[in-house]
Structure formats: C-alpha cells, structure tokens
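Take a look at the structure below.
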Amino acid sequence: MINVCLDGPAGSGKSTVAKAIAKKLDILYLDTGAMYRACGLKCKKLGIAATDEKAVKSFIGTIDLEIRYIEGAQHTFLDGEDVSDEIRKPDVSMLASAVSAHPCVREKMVEMQRKIAKSTDCVLDGRDIGSFVLPDAKYKFFVTADPKIRAERRFAELTAKGEKVKFDTVYKEIVERDYNDSHRTFSPLVRAKDAVLLDTSSMTPEEVVDFVIGKIEEK
C-alpha cells in the first residue's frame with residue numbers, strides 16, 4: 001500500500017501539491033483538513049462553541065460525515081449535504097482549528113482516515129498525518145513556508161473566489177492557526193522525525209511536486 005503523508009501549517013501549499021502528486025501517481029487524494037472543517041461547520045450549524053469540548057463530544061461520535069469522490073474530486077458531505085465550498089470560508093477555518101484540538105474529534109477523524117488509507121493507495125495532507133495518523137508510512141514530508149508568504153497565497157486564493165477579505169486579517173488568522181495547531185495538547189502540528197523538510201517559500205508548485213516525486217522514486 002502506498003501512503004504519502006504531507007504535513008504542514010495553513011497556506012504552505014501542501015493541498016495543491018498533494019492533489020498534483022496523487023494525479024501523477026494515479027492514486028487517491030484525501031484532504032483530511034476538510035474533515036475537521038466539516039466538524040467546525042457542524043458546531044456552527046448547531047450553534048455551539050467549537051471550544052466547548054463537552055458540547056462537541058455530544059455529537060462527534062455519531063456525526064454524519066462522508067467523503068465522496070465525484071469526477072475525480074473530493075467532496076465533503078455533512079448530514080447528506082455537499083458542504084465542499086462552505087467549509088472553505090475563513091470563519092469555518094478558525095472553527096476547524098478550535099474543534100480539532102479536542103481529543104474526541106481527532107480520534108474520530110483519525111479512525112476514518114486510517115480506514116481509508118488502509119484500503120487504498122493515497123496521498124494525505126494535514127497536521128499530524130506522518131506523526132500520528134500513519135506513523136509507519138514510508139513517504140513523509142513536512143511542507144512549510146514563511147507566514148507572510150502563506151498569508152499572501154491564502155489571500156489570493158480567497159479573493160479569486162470572490163471573498164472580500166483583508167490581507168492583515170488573513171495574516172493574523174494564519175499566525176493564530178499556527179499557534180493553536182502547534183500548541184494543542186493532543187496530537188499537535190509537528191514534523192515527524194523521519195519526514196523530509198520542504199520550505200516552499202521560494203518554490204513554484206511544480207518545483208515542489210517534482211521534488212516530492214523525486215524523493216519517492218529514490219525510495
């Protein structure tokens with residue numbers, strides 16, 4: 001079974017790279033971040049605070065969350081509704097960061113992720129794939145970049161979708177997510193000891209993909 005793990009902070013470009021790698025290797029791409037975003041969106045729909053672990057625990061065990069692949073693209077369904085676009089909104093990103101800090105949420109999502117990875121060749125990107133979800137995976141990469149460059153990328157991505165956002169706000173949220181993700185008690189954002197470090201600050205997506213494919217072929 002081929003499992004490629006790409007971890008890193010928000011806006012590092014890992015999702016773009018993961019999709020391209022999956023396409024080149026002709027295997028599945030699993031956006032694990034979308035799963036946590038869906039959990040954050042569930043909190044919003046229920047009107048509960050994503051930081052309220054007791055309230056989150058009340059629904060996470062039976063959450064109706066499904067990942068489907070439609071015409072080669074991953075779609076996230078929550079309670080039977082395709083929320084793939086809704087979970088990309090900035091406020092849901094922050095909710096995802098908060099809700100993902102709860103052990104009950106990570107345990108549930110990791111259970112789903114491991115099940116998928118065990119049954120099919122895939123590329124997974126997230127915060128703790130190589131360090132916690134699939135610690136025995138053969139191919140691991142930690143993708144990062146300067147915070148301001150990551151904010152610029154996210155700002156461009158959001159404005160291209162017609163979102164009215166301010167760069168300063170995006171940058172602040174990036175820094176806040178970095179702190180929250182790397183300081184949570186359970187399964188924080190961390191580079192696995194055997195993961196290849198990749199700083200994409202001055203690299204194009206194509207250069208990053210070529211680098212990763214090259215490393216995979218070396219093994």
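The values are calculated or read from the model by the stated rules, or taken from the named source; none is laboratory data. Just so it is clear, the structure is predicted and the values come from calculations on it, not from any experiment. Cβ: placed from backbone, ideal geometry, glycine included. Neighbour counts: every protein chain shown. The protein model used for the area step is the full one, side chains on, heavy atoms only, and it has no ligands, DNA or RNA in it. Shrake-Rupley method; radii C 1.70, N 1.55, O 1.52, S 1.80 Å.
Relative to the Cα centre, the charge distribution of the chain, modelled as +1 at Lys and Arg Cβ and -1 at Asp and Glu Cβ, gives a dipole magnitude of about 380 debye.
Of the residues G40, H102, V17, the one whose Cα sits farthest toward the positive end of the charge dipole of the stretch 1-134, with +1 on the Cβ of Lys and Arg and -1 on the Cβ of Asp and Glu, is H102.
For the stretch 154-219, what class follows from the C-alpha gyration tensor (a ≥ b ≥ c being the square roots of its eigenvalues): rounded when a/c is under 1.5, otherwise prolate if a/b is larger than b/c, else oblate? Mind showing how you got there, number by number?
Details: a/c = 3.24, a/b = 1.31, b/c = 2.48.
It comes out oblate by the Cα gyration axes.
Counting protein heavy atoms only, the chain has 52 percent of its accessible area on carbon and sulfur, 1.4 angstrom probe.
Can you list which of the DSSP-assigned H helices in the chain have a Cα extent of 18 Å or more along the long axis and an average Kyte-Doolittle score of at least 0.0?
205-218
Ranked by solvent-accessible area (1.4 Å probe, protein heavy atoms only, all chains present), the residues H75, H102, H183 order from largest to smallest as H183, H75, H102.
Over 24 Å between Cα atoms: which of K108/K164; K193/K215; K23/K45 fall into that group? Walk me through the intermediate numbers first.
Working: K108/K164 34 Å; K193/K215 16 Å; K23/K45 34 Å.
K108/K164; K23/K45, as the Cα separations exceed 24 Å there.
Heavy-atom accessible area with a 1.4 Å probe sorts T204, T51, largest first, into T51, T204.
Computed extension length for K54-T120: 20.4 nm, one decimal, from 0.36 nm per residue of separation with the Cα-Cα distance subtracted.
Report, in listed order, any pair from K57/K138; K19/K219; K89/K118; K14/K172 with a Cα-Cα distance greater than 26 Å.
Details: K57/K138 33 Å; K19/K219 21 Å; K89/K118 31 Å; K14/K172 20 Å.
Result: K57/K138; K89/K118 exceed 26 Å.
Calculate the dipole size of the stretch 94-219 relative to its Cα centre from +1 charges on Lys and Arg beta carbons and -1 charges on Asp and Glu beta carbons; express the result in debye to the nearest 20. Intermediate results must be reported in sequence, preceding the final value.
Details: 22 positive and 22 negative charges, 92 e Å.
Here the size comes out at about 440 debye.
Out of K166, K44, K89, any idea which swings most in a Gaussian network model of the chain, alpha carbons joined below 10 Å? Among K166, K44, K89, the largest mean-square fluctuation in the Gaussian network model of the chain belongs to K166.
Computed with a 1.4 Å probe over protein heavy atoms only, the accessible surface of the stretch 64-171 comes to 49 Å² per residue. With a cut-off of 14 Å on the backbone N, the residues of the stretch 29-47 near the modelled label site 7 Å out from D79 along Cα-Cβ are 38-47.
The chymotrypsin sites (Phe, Trp or Tyr not before Pro) of the stretch 154-219 that meet both conditions, a loop assignment by DSSP and at most 14 other Cβ atoms within 10 Å of the site Cβ, are F186.
Normalised by the number of residues in the stretch 112-219, the mean separation of alpha-carbon contacts (under 8 Å, six or more apart) gives a relative contact order of 36 percent. Excluding ligands, DNA and RNA, the accessible surface per residue across the stretch 1-61 is 41 Å² with a 1.4 Å probe. Shown here: Rg and Dmax of the Cα atoms in Å, derived from the displayed model; of the candidates [x] 16.5, 55; [y] 16.4, 49; [z] 18.6, 58, it corresponds to [y].
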